[in-house]
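Here the structure comes first, spelled out in structure tokens, and everything after it is commentary.
Values quoted throughout were computed directly from the atomic coordinates according to the rules given, and no laboratory measurement underlies them. In this text the structure is predicted, and so the values were computed from the model without any measurement. Heads up, the Cβs are rebuilt from the backbone with ideal geometry, glycines too, and the neighbour counts pull from every protein chain shown.
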Amino acid sequence: MSRPLSAGDGFKGLELRQLSRRVGSHALVDQLNLTVAPGEILALLGPSGCGKSSTLRLIAGLDPASSGEIRLGGQSITALPPAERQVAMVFQSYALFPHLSVERNLSLGMELRGMGRVEIQRDLDRVLTLMQLEGLRQRKPAELSGGQRQRVALARALIRRPALFLLDEPMSNLDAQLRENLRAELRTLLRSTGVPVVYVTHDQHEAMGLADRIGVLREGRLQQLGTAERLYRDPANRFVARFLGSPSINLIERGTMQLGLRPELLELTDAGSPVPQGWDALEGQLSHREWLGDRVISHVQCAEQGTLRVVDREVPASATLQVRWRQADALHFDARSGERLPGSSRTKPS
């Protein structure tokens, strides 16, 4: 499903052209084509083993490509060693030197590159202020919170003034509240650098909250590339439809076709209620409800179709219910291949 997306030799962002990485007969990354513009954040999203981190390692030069090309700022960097690629990478583990202070963790690389003391101090002051780490200069990593260590890792990448940022699940070690607090701050910070950003995550909420566009990967192949809204409302296939959305999309069997129904587009009413023209319905037994404050997720067992998840504020009191939906809101997928069928409607908010 990956399509050539060449922006031309004058493109100043990042381009991957038919990029592949194979180990024996197994393709970790399979003919990947995508572009990331200067100042754009692209999230690579998918389950474990889909090729997200492998793609980052290829871009950074940590692994060799089996075929294809990597271009940055209009120049091919495919054959360059990692140190010459002007790429800054932030890892899940932070990778800080435990025996060095925050200041030394940031300045060591600049010293090794031969920068002068005045220039080093100027850049240190700029980045520490930007990342709100001014008062932590002399602390060592063990004396910092998880969020502070994450900021130091980002600061070390920023201070290099790279042409490209690569982030490999940098917030996966943080608790949910801290991730939520850092998300908007990180997006603003990364956008302000003006360079392309590739952000790898398995968390759909993180990808949807941070990225300008999302690329969904499966078994090394790009399934779909677009904005979060486009992928959610107009998925290219069943895999993309199931991967985005919480609760996940409902699938109803209809012979050689499956209907995809977003839980928030379903309605609940009493069993036996008249079905309006242009609607479809199933009846089932209420299994249980999840109260989430602003909404209720009802789980309705519908005989051969299994459990349907319905998001609604008000739920009928009876145990036997009718689940109904507008026919125009259903997505149609080929039951065997999972591909979106021609003429399948887009889901729209009710």
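Using r as the Cβ-Cβ distance of THR320 and GLU290, and R0 as 25 Å, what FRET efficiency do you calculate, to the nearest 0.05? It would help to have the intermediate numbers written out before the result.
Working: r = 19 Å, r/R0 = 0.78.
After rounding, the FRET efficiency stands at 0.80.
Report, to the nearest 10°, how far helix 176-193 tilts away from the longest principal axis of the Cα atoms in the chain, using its own Cα long axis and a range of 0 to 90°.
Once rounded, the angle reads 60 degrees.
For region 14-233, what relative contact order do you get, as a whole percent, if you take Cα pairs closer than 8 Å and at least 6 residues apart?
Values: 402 pairs, mean separation 72.4, N = 220.
Relative contact order, region 14-233: 33 percent.
Length gain on complete extension for the stretch GLN301 to LEU112, per 0.36 nm per residue less the alpha carbon to alpha carbon distance? Before the final figure, lay out the partial values.
Numbers: separation 189, 0.36 × 189 = 68.04 nm, distance 6.36 nm.
Residue separation times 0.36 nm, minus the Cα-Cα distance, leaves 61.7 nm.
In nm, give the distance between the simple-model label positions of LEU100 and GLU253, each being 7 Å from the Cα along the Cα-to-Cβ direction.
With each label placed 7 Å out from Cα toward Cβ, I get 5.9 nm.
Run the numbers for PHE91 and ASP203: contour at 0.36 nm per residue of separation, minus the present Cα-Cα distance, in nm. Could the numbers behind the result be given before it?
Numbers: separation 112, 0.36 × 112 = 40.32 nm, distance 1.57 nm.
Full-extension gain reported as 38.8 nm.
Can you give the calculated 222 nm mean residue ellipticity of the chain, where each DSSP H run of n ≥ 4 adds -39,500 (n - 2.57) and the sum is split over every residue, rounded to the nearest 500 deg cm²/dmol?
-7000 deg cm²/dmol
List every residue whose amide H lies under 5 Å from the amide H of ILE77, counting only residues 5 or more places away in sequence or on a different chain, with H placed 1.01 Å from N in the peptide plane.
Answer set, sorted by chain and number: ILE70, ARG71, LEU72.
Give me the distance between the Cα centres of region 217-272 and region 91-123, rounded to whole Å.
46 Å
How large is ³J(HN,Hα) for each residue in region 116-128, as worked out from phi by the Karplus curve 6.51 cos²θ - 1.76 cosθ + 1.60 (θ = phi - 60°), to whole Hz, x for Gly and Pro?
With coefficients 6.51, -1.76 and 1.60, one gets x, 4, 5, 5, 4, 5, 4, 5, 4, 4, 5, 6, 5 Hz.
Which of GLY226, GLY135, GLY215 moves most in a GNM of the chain, Cα contacts under 10 Å?
It is GLY135.
Could you give the length gained by full extension between ARG139 and ARG336, i.e. 0.36 nm per residue of separation minus their alpha carbon distance, to one decimal place?
On the way: separation 197, 0.36 × 197 = 70.92 nm, distance 5.69 nm.
The span from ARG139 to ARG336 would gain 65.2 nm if fully extended.
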